[in-house]
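Chemist: Got a structure for you, written out below as structure tokens; questions coming shortly.
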Amino acid sequence: MVNIVLIGKQGSGKGTQAKLLAKQFDLEHINTGALFRKHIEEQTHLGIIADEYIKKGELVPDKFVFQLIEESIEPDIKGLVFDGFPRTLEQAAYLVERYRIDKVIYLSLPIEVAKKRITSRVECKNCGKTYNLLTSPPLMEGVCDVCGSVVGSRADDKPEAIEKRISEFLEKTKILIDFFSKRDIAITVDASASVEEVFSELCEIVKELF
Ligand code: AMP
């Protein structure tokens with residue numbers, strides 16, 4: 001079983017790449033942001049708490065993240081691709097205590113490019129498919145190509161929340177590269193190339209792990 005982690009600031013394409021990798025290598029995709037959004041939509045207790053942080057672009061406190069992880073991962077089913085977790089040193093320590101992590105891939109992208117990508121990003125409110133209004137818009141404006149539901153921007157893709165999320169990444173998440181480099185499992189990939197190019201580089205890395 002292979003467990004991998006994708007780290008990258010918002011807009012680095014980690015969600016898209018994690019989805020593609022999960023499909024290619026039959027891994028379970030653990031996307032904590034999407035899991036929180038589902039809780040918010042269903043107005044669960046955890047969703048109501050998380051919403052307060054997410055809409056401001058702040059990280060949800062670790063104890064709620066651990067609760068989310070514990071209820072979302074089915075033990076020993078498949079290998080995992082973590083997307084959006086860990087985001088703090090405490091989360092990284094929690095992760096390595098519980099799972100053998102084979103590779104941590106850092107999708108590196110300049111801040112200005114990331115911001116541009118986020119401001120043109122929309123996603124399907126139902127199935128979560130993401131689109132870029134500049135490079136890959138839905139065929140019909142506002143309608144998902146896959147499921148026909150409404151496509152729009154995420155509640156936290158607003159200028160102040162974007163700035164806050166980027167600074168949260170720089171202050172709390174970027175240091176995880178050092179944490180995993182010390183364990184000799186980190187690798188950096190340039191995320192400014194096309195989705196296809198980045199994916200083929202990631203596939204080369206991941207297939208070596210099997
Ligand atoms: P994402 O979809 O990965 O951009 O996540 C959206 C938001 O969910 C983030 O800005 C955080 O507020 C929250 N979130 C997702 N994953 C985590 C995590 N591992 N730790 C703390 N907050 C998280």
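Chemist: Given Val96, Ser108, Ser72, which one lies farthest toward the positive end of the charge dipole of the stretch 64-117, if we put +1 on the Cβ of every Lys and Arg and -1 on the Cβ of every Asp and Glu?
Modeler: Of the options given, the answer is Ser108.
Chemist: Right, another one. Using 1/(1 + (r/R0)^6) with R0 = 30 angstrom and r between the beta carbons of Thr119 and Asp26, what's the FRET efficiency to the nearest 0.05? Before the final figure, lay out the partial values.
Modeler: Details: r = 34 Å, r/R0 = 1.13.
Computed FRET efficiency for Thr119 and Asp26: 0.30.
Chemist: Taking the Cα centre of the stretch 22-82 as origin, sum charge times position over the Cβ atoms of Lys and Arg (+1) and Asp and Glu (-1), and report the length of that vector in debye to the nearest 20. Could you put the intermediate results ahead of the total?
Modeler: Numbers: 7 positive and 12 negative charges, 50 e Å.
I would put it at about 240 debye.
Chemist: Okay, moving on. Subtracting the Cα-Cα distance from 0.36 nm times the residue separation, let me have the gained length for Leu134 to Ser153 in nm, one decimal.
Modeler: Details: separation 19, 0.36 × 19 = 6.84 nm, distance 1.35 nm.
5.5 nm is the gain from fully extending Leu134 to Ser153.
Chemist: What does the net charge come to around Thr44 if you take all other residues with beta carbon closer than 12 Å to its beta carbon, with K and R at +1 and D and E at -1?
Modeler: Values: positive: Arg37, Lys38; negative: Glu41, Glu42, Asp51, Glu71.
Charge balance in the 12 Å sphere: -2.
Chemist: Once you mark the trypsin sites (Lys or Arg not before Pro) that are in a DSSP loop and have at most 16 other Cβ atoms within 10 Å, what is the longest gap between them in the chain? Intermediate values should be presented prior to the final figure.
Modeler: On the way: sites that count: Lys55, Lys56, Lys78, Arg100, Lys125, Lys174, Arg183.
Value returned for the longest uninterrupted segment is 1-54.
Chemist: Which value, in debye to the nearest 20, describes the size of the charge dipole of the stretch 93-210 about its Cα centre when Lys and Arg Cβ atoms bear +1, Asp and Glu Cβ atoms bear -1, and nothing else is charged?
Modeler: In total the dipole reaches around 360 debye.
Chemist: How many angstrom lie between the C-alpha centres of the stretch 139-196 and the stretch 4-73?
Modeler: Cα centroid to Cα centroid, the span is 11 Å.
Chemist: For Ile105, Ile49, write out the residues from largest to smallest accessible area, computed with a 1.4 angstrom probe and no ligands counted. Kindly include the intermediate steps, with their values, before the conclusion.
Modeler: Values: Ile105 0, Ile49 40 Å².
The ordering from most to least exposed comes out as Ile49, Ile105.
Chemist: Compute the signed sum of charges (Lys and Arg +1, Asp and Glu -1) over the other residues within less than 15 Å, Cβ to Cβ, of Ser12. Working shown, then result.
Modeler: On the way: positive: Lys9, Lys14, Lys19, Arg87, Lys115, Lys116, Arg117, Arg121, Arg165, Lys174; negative: Asp83, Glu112, Asp157, Glu168, Asp190, Glu197, Glu201.
Local net charge: +3.
Chemist: Given a 1.4 angstrom probe, I'd like the percentage of the accessible area of the stretch 6-105 that is carbon and sulfur, rounded to a whole number.
Modeler: 50 percent
Chemist: Let's see if you can work this out: charge +1 on each Lys and Arg Cβ, -1 on each Asp and Glu Cβ, no other charges. What is the dipole magnitude of the chain about its Cα centre, in debye to the nearest 20?
Modeler: My answer is approximately 300 debye.
Chemist: Relative contact order of the stretch 69-210, please, whole-number percent, based on alpha carbon pairs below 8 angstrom and at least 6 residues apart.
Modeler: Details: 120 pairs, mean separation 43.3, N = 142.
Relative contact order for the stretch 69-210 comes out at 31 percent.
Chemist: What longest region of the chain stays clear of GluC sites (Glu not before Pro) that DSSP places outside H, G, I, E and B and that have at most 16 other Cβ atoms within 10 Å? Write down the numbers at each step before the final one.
Modeler: Details: sites that count: Glu42, Glu58, Glu141, Glu208.
In the chain, the maximal stretch lacking such sites is 59-140.
Chemist: Based on DSSP H runs of at least 4 residues, each adding -39500 (n - 2.57), what is the mean residue ellipticity at 222 nm of the chain after dividing by all its residues, to the nearest 500 deg cm²/dmol? Don't skip to the end; give the middle numbers.
Modeler: On the way: 9 runs with 92 residues, N = 210.
Roughly -13000 deg cm²/dmol at 222 nm, from the helical runs in the chain.
Chemist: Which whole-number percent is the relative contact order of the stretch 1-149 (Cα, under 8 Å, 6+ apart)? Please list the in-between numbers first.
Modeler: Numbers: 178 pairs, mean separation 52.1, N = 149.
With pairs under 8 Å counted, the relative contact order is 35 percent.
Chemist: Just the number please: accessible area per residue for the stretch 29-141, 1.4 Å probe, all protein chains included, in Å². Intermediate results must be reported in sequence, preceding the final value.
Modeler: On the way: 6080 Å² over 113 residues.
For the stretch 29-141, the solvent-accessible area averages 54 Å² per residue.
The values are calculated or read from the model by the stated rules, or taken from the named source; none is laboratory data. In this text, all values refer to a predicted model and were calculated from it rather than measured experimentally. Neighbour counts are summed over all protein chains in view; Cβ atoms, including those assigned to glycine, are modelled from backbone coordinates with ideal geometry. Keep in mind that these areas ignore ligands, DNA and RNA; they rest on the heavy atoms of the full protein, side chains included. Shrake-Rupley method; radii C 1.70, N 1.55, O 1.52, S 1.80 Å.
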